[in-house]
Amino acid sequence: MNRPRAAVAVLISGRGSNMQALIEAAANPGYPASIKVVLSNRPDAEGLAFAQARGIATAVVDHKAFARREDFEAALQQHLDSHRIDYVCLAGFMRVLTPNFVAAWTGRIINIHPSLLPAFKGLDTHARALAAKVAEHGCSVHQVTAGLDDGPVILQARVPVLADDTPASLARRVLAEEHRIYPLALAQLVRDATPPPVG
Ligand code: GRF
């Protein structure tokens, strides 16, 4: 018997290339998750057009329309409920979520971050990695917890730092790895949570 695929929401704020990688992976019927909705806090997020072109539901929940973070999150939650979402993937989503929201999704909300966590939490990771003269950089898919870029790592990919790297060249190589590991990490999370039927 085929198990139902997990229902996933992807939350974006901009370009959406990681969202695109998740949508491409989920286009394979053998993939254990299906992307049900893409939510953006910014009306002008470029990624929305790609999702719409693939026939995926999209919605904008503009944080500027809400006086309180809790009200913004209640609006997000309404969309997650109406699409019966099992897992939330943050993909370049530039809003910090409250501990209450995160707690409600514990184990079912993940993020992609462009560094080898726990190194270089926060922004400008590529420039900071170059300034620190590290030999290797990379990306991490991790569980989201109340601390910024702090939850348990699910999967990482490493890239060597080259002598002539700029933040942009390093970002390009890391991004290619992000697109590879985000779908793998989501599939792993879903499969680990759904044991195969006995017999
Ligand atoms: C990615 O580098 C991701 O790791 C970081 O923000 C960037 C988003 O890019 N959190 P995109 O919107 O997925 O293209």
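List the residue pairs whose Cβ atoms are under 6 Å apart, where the first residue sits in the range 68-95 and is without any contact (Cβ under 8 Å) to a residue 24 or more places away in the chain, the second is surrounded by 15 or more Cβ atoms within 10 Å (Cβ to Cβ) and outside any helix (DSSP H, G or I), and the two are 6 or more positions apart or on different chains.
Going by the 6 Å Cβ cut-off, the qualifying pairs are A75/V61.
In the list L162, L170, L189, L123, which residue meets the criterion of being touching a residue at least 12 places away in the same chain (Cβ under 8 Å), open to solvent by 10 Å² or more (accessible area, probe 1.4 Å) and aliphatic (A, V, I, L, M)?
Of L162, L170, L189, L123, the one residue that is touching a residue at least 12 places away in the same chain (Cβ under 8 Å), open to solvent by 10 Å² or more (accessible area, probe 1.4 Å) and aliphatic (A, V, I, L, M) is L189.
Which residues, counting only those in the range 152-199, are in contact with a helix residue (DSSP H, G or I) (Cβ under 6 Å, 6 or more places away or on another chain) and either assigned to a helix (DSSP H, G or I) or modelled with pLDDT under 95 (or both)?
P167, L170, A171, E178, H179, Y182, P183 - these are the residues of the range 152-199 that are in contact with a helix residue (DSSP H, G or I) (Cβ under 6 Å, 6 or more places away or on another chain) and either assigned to a helix (DSSP H, G or I) or modelled with pLDDT under 95 (or both).
Give the residues of the range 89-98 that are in contact with a helix residue (DSSP H, G or I) (Cβ under 7 Å, 6 or more places away or on another chain) and open to solvent by less than 70 Å² (accessible area, probe 1.4 Å), sorted by residue number.
C89, A91, G92, L97, T98
Given the condition closer than 29 Å to A171 by Cβ, at pLDDT 95 or above, exposed (fewer than 15 other Cβ atoms within 10 Å of the Cβ) and away from the ligand (no atom under 16 Å from the Cβ), answer yes or no: does some residue in the range 68-76 qualify?
no
Which ones in the range 15-61 are of a type in the set (S, T, N, Q), within 18 Å of L80 (Cβ to Cβ) and within 14 Å of the ligand (Cβ to nearest atom)? Spell out the reasoning first.
Within the range 15-61, the subset of a type in the set (S, T, N, Q) is 17-18, 20, 28, 34, 40-41, 52, 58.
Those left that are additionally within 18 Å of L80 (Cβ to Cβ): 34, 40-41, 58.
Scanning the range 15-61 gives S40, N41.
Looking at the range 107-117, which of its residues are closer than 21 Å to A45 by Cα and part of a loop (DSSP other than H, G, I, E, B)?
Matches in the range 107-117: P114 only.
Take the range 127-141 and flag every residue that is within 22 Å of P183 (Cβ to Cβ) and in contact with a Pro (Cβ under 6 Å, 6 or more places away or on another chain).
C139
Kindly provide the set of residues from the range 134-153 that are within 20 Å of L97 (Cα to Cα) and either open to solvent by less than 50 Å² (accessible area, probe 1.4 Å) or touching a Gly at 6+ places or on another chain (Cβ under 9 Å) (or both), ordered by number.
S140, V141, H142, Q143, V144, T145, G147, L148, D149, G151, listed by residue number.
The values are calculated or read from the model by the stated rules, or taken from the named source; none is laboratory data. What you see is a predicted model; the values in this text were computed from it and never measured. A quick note on method: Cβ atoms are made from the backbone with ideal geometry, for glycine too, and the neighbour counts reach across all protein chains shown. The area values use the complete protein model at the heavy-atom level, side chains included, leaving out ligands, DNA and RNA. Shrake-Rupley method; radii C 1.70, N 1.55, O 1.52, S 1.80 Å.
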